[in-house]
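Enquirer: Quick one: structure below, then a few questions.
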Amino acid sequence: MLRFNQLALSALTVLFLAVSSWNSAQGQSAGLKNVVLVHGAYADGFSWSKVIPMLDAQGFNIIAVELPLTSLKDDAMATKRAIARMEGPVLLVGHSWAGMVITEAGNDPKVAGLLYISALIPNDGQAVVDVVKGYPDSPGGAETREDASGFLYLSKKGMNEDFVPDLSLIERLNVYTTQGPWAKKALSDKVSEAAWKTRPSWVIIDKQDRMVNVNLQQDQAKRIKATTLELNSGHVSILSHPKEVATFIIDAARKLPTQVSKR
């Protein structure tokens, strides 16, 4: 029993030192303290499970939105409810389909900045079908299936090979079995005004992405004049490269004002 306790204590010490080392490397987090995380299609709030503890360790107030994935309007409203719960300005972070969502919900006056991760970034009046027009279909698109109610989901093959190919077998299984079906009609829902036109933006490009065309991601980042980070990652870098993602979010937040500006 004594040896077991010693081993357990040693393991906890190593974990504590690792977390402390990462926290020290980040330094004190100035800037705004509110971050709202918005997941994409075929996913849920658990997508942020590795990023959340790193942001929390730096003193951020965090809400991970659970989207209904029923329409752009419904998803934007769910995001705005999360924004309303925050006191002070917010950095709004969206993955994949949530790029559409935060571009719409980001017009909320409390939103100080936008951060896109392997995301779709529309212009005024655009829907998903408009954003991807002119770019080759992604491999993951071929593994999309539709149920009797008009909701889309990914096959197990698509999840393993296209959505989260760089995660462990157990993690891939968890993501597959908990995936959030996405209403097909949402593909045609149009944003009103693009919030990135009036707010600073950041973009993470996942260079091994098989769900959102990489050239599209790069072109979007240039078009909105975003501060950009490229990762050698598949589509869900928030799970496969959480440290890099968390650090990028922290750096963006540090550059944003601590008071809501009048627009």
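What follows draws every value from the coordinates through simple rules; no lab data is involved. All of these numbers come straight from a predicted model, not from anything done at the bench. All Cβ positions, even for glycine, are placed from backbone atoms using ideal geometry, and neighbour counts span all protein chains on display.
Enquirer: For the stretch 71-111, name all the residues that are hydroxyl-bearing (Ser, Thr, Tyr) and surrounded by fewer than 23 Cβ atoms within 10 Å (Cβ to Cβ).
Expert: Correct list: SER71 only.
Enquirer: Restricting to the stretch 118-147, and then to whatever is of a type in the set (Val, Ile, Thr) and either touching a Phe, Trp or Tyr at 6+ places or on another chain (Cβ under 6 Å) or assigned to a helix (DSSP H, G or I) (or both), can you tell me which residue is nearest to ILE205 (Cα to Cα)?
Expert: Selected residue: VAL131.
So that you can scan it fast, the table gives a plain yes or no per residue for (1) in a helix (DSSP H, G or I); (2) closer than 20 Å to SER49 by Cα:
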| position | (1), (2) |
| --- | --- |
| GLN208 | no, no |
| VAL212 | no, no |
| ASN215 | yes, no |
| ASP219 | yes, no |
| THR228 | no, no |
| GLY234 | no, yes |
| VAL245 | yes, yes |
| ALA253 | yes, yes |
| LEU256 | no, no |
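Enquirer: Taking only the stretch 213-238 into account, find how many residues are surrounded by 24 or more Cβ atoms within 10 Å (Cβ to Cβ) and aliphatic (A, V, I, L, M).
Expert: 2
Enquirer: Looking only at the stretch 30-62, which residues are buried (at least 22 other Cβ atoms within 10 Å of the Cβ), in a loop (DSSP other than H, G, I, E, B) and among the hydrophobic types (A, V, I, L, M, F, W, C)?
Expert: LEU32, ALA41, ALA43
Enquirer: Can I ask one more? Tally the residues that are crowded, with 18+ Cβ neighbours inside 10 Å and under 22 Å from TYR153 (Cβ atoms), restricting the search to the stretch 188-212.
Expert: 6
Enquirer: Let me ask another. So which pairs qualify, if the first residue must be in the stretch 149-175 and touching a residue at least 40 places away in the same chain (Cβ under 8 Å), the second must be acidic (Asp, Glu) and part of a loop (DSSP other than H, G, I, E, B), the Cβ gap must be under 7 Å, and the two must be at least 6 apart or on different chains?
Expert: Every condition considered, the pairs that remain are TYR153/ASP147.
Enquirer: Kindly provide the set of residues from the stretch 63-98 that are touching a residue at least 60 places away in the same chain (Cβ under 8 Å) and part of a helix (DSSP H, G or I), ordered by number.
Expert: Listed by number, the residues that qualify are LEU72, LYS73, ASP75, ALA98.
Enquirer: While we're on this one: Being in a strand (DSSP E or B) and under 17 Å from the mean Cα position of the chain (by Cα) is the filter here; which residues of the stretch 148-190 pass it?
Expert: Of everything in the stretch 148-190, just one residue is in a strand (DSSP E or B) and under 17 Å from the mean Cα position of the chain (by Cα), namely TRP182.
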